[in-house]
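Right, I'll just put the structure down here and ask away after.
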Amino acid sequence: MEDSNQEGKDLSRRSFFKVATLGIGAAVSFLLGYPLIDSIVSKGKTFMNKTYSRLVSIKNIPNSFSPVKRPSKYHFTKTDQDAYIKTNKMEDVWVVKKSDNDITAFSPICPHLGCRYNWNQEKGLFICPCHNSVYTIEGKLVSGPAPRGLDTLPTEVKDDDVLYVEYERFEVGVPKKIIIGY
Ligand code: FES
């Protein structure tokens, strides 16, 4: 009788350790896997925020080639919607207008390593202050370590003559233009 009691106790102790080991194993797997899950979910969230933002009326954008060669920079508020939460972010883009029907928007981020480049009026070129990548007003790479030219952004004309831009973020340091977020 005592033997069977002892056996019962051993069994329940064994079951307890078995359950405890499984529980700890599951917790460790979850913790190790969490960053991966989080990064997938985060990317999903970022990609949900694809939206066109209102920039400016086309007739108010100066011609970028005449009478002087000069691009225009526009700041705008980008509204992201995450479930029921709306957040506003300030962004900016460079715009080059050849004519009302020929307008290009560039991401303000240098495709080398992600600094913000500037327009140098004296040289008539975009120059990145970080490692000196140089681009033409049309976004072509002239010199420097950048692996590609400036990244163009999708634009749309709505409400008759208002320019909208879809802000996108791209992978830096690679020759191919790869979208990594909005
Ligand atoms: S980040 Fe622009 S040249 Fe390096």
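Derivation of every value follows stated rules applied to the coordinates shown; laboratory data play no part. All values reported here derive from a predicted model rather than from experimental measurement. Every residue, glycine among them, receives a Cβ derived from its backbone with ideal geometry; neighbour counts consider all protein chains shown.
Checking Ala105 against (1) more than 8 Å from the ligand (Cβ to nearest atom); (2) surrounded by fewer than 20 Cβ atoms within 10 Å (Cβ to Cβ); (3) touching a residue at least 60 places away in the same chain (Cβ under 8 Å), only one condition comes out false. Which one?
(2)
May I ask you to list the residues in segment 147-159 that are within 16 Å of the ligand (Cβ to nearest atom), closer than 16 Å to Val96 by Cα and touching a Gly at 6+ places or on another chain (Cβ under 7 Å)?
Listed by number, the residues that qualify are Gly149, Leu150.
Which residue is nearest to the ligand (Cβ to nearest atom), if the candidates are limited to segment 119-146 and must be farther than 20 Å from Val95 by Cα and surrounded by 14 or more Cβ atoms within 10 Å (Cβ to Cβ)?
Filtering first and then ranking leaves Cys130.
Are any of the residues in segment 81-95 in contact with a Gly (Cβ under 6 Å, 6 or more places away or on another chain) and within 16 Å of the ligand (Cβ to nearest atom)?
Within segment 81-95, none of the residues are in contact with a Gly (Cβ under 6 Å, 6 or more places away or on another chain) and within 16 Å of the ligand (Cβ to nearest atom).
Ok, one more. Hey, could you check segment 49-77 for residues that are closer than 15 Å to Lys158 by Cβ and hydroxyl-bearing (Ser, Thr, Tyr) and say which is surrounded by the most Cβ atoms within 10 Å (Cβ to Cβ)?
Taking the candidates together, the pick is Ser53.
Something else now. Within the set of pairs 6+ apart or on separate chains, which have a first residue in segment 142-154 that is under 13 Å from Ile178 (Cα atoms), a second that is of a type in the set (Ser, Thr, Tyr) and crowded, with 18+ Cβ neighbours inside 10 Å, and C-beta atoms under 6 Å apart?
Leu150/Tyr135; Asp151/Ser107; Thr152/Thr104; Leu153/Ser107
Hey, any hits in segment 77-98 for a residue that's more than 17 Å from Arg54 (Cβ to Cβ), in contact with a helix residue (DSSP H, G or I) (Cβ under 8 Å, 6 or more places away or on another chain) and either in a strand (DSSP E or B) or not acidic (Asp, Glu) (or both)?
yes
Among the residues of segment 160-174, which ones are out of contact with any Asp or Glu (no Cβ under 8 Å at 6 or more places or on another chain) and within 14 Å of the ligand (Cβ to nearest atom)?
Within segment 160-174, Glu171, Val172, Gly173, Val174 qualify.
Of all residues in segment 151-171 being outside any strand (DSSP E or B) and not aromatic (Phe, Trp, Tyr), which is nearest to Tyr117 (Cα to Cα)?
Asp151
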